[in-house]
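Step one of this worksheet: look at the structure below.
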């Protein structure tokens, strides 16, 4: 319902959207780690300024639910906030450090969102 309030704003910039429920799992970096979730999937038109503004508004409305965005989707949640929503983030970082101590397989995305660099 929080996002439905924005339907008139969202509709002109959207190709398709899907809302689904997902059962909790035990995958450390999953958006559904240890909690049942509702996922809102969107395919946006290539209207970057408008879509960026809508994403910010949607995140503001959904913030009270402590959303965990899909890692391959657009979001603007700051690294510190994002990391606080993943209970196993420190274990995940330790695993990355153990298996890739020089960061050879890291990229800008991981540095920004996981390591807060």
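The values are calculated or read from the model by the stated rules, or taken from the named source; none is laboratory data. These figures come from a predicted structure and were not determined experimentally. We place every Cβ from the backbone using ideal geometry, glycine too, and count neighbours over all the protein chains shown.
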Looking for something over 30 Å from residue 9 (Cβ atoms), in a helix (DSSP H, G or I), under 15 Å from the mean Cα position of the chain (by Cα) and not assigned by TED's automatic domain parsing to the domain that holds residue 4 - is there at least one such residue anywhere in the stretch 98-107? no
Complete set of residues in the stretch 77-93 that are in contact with a helix residue (DSSP H, G or I) (Cβ under 8 Å, 6 or more places away or on another chain) and closer than 13 Å to residue 110 by Cα: 79, 82, 83, 89
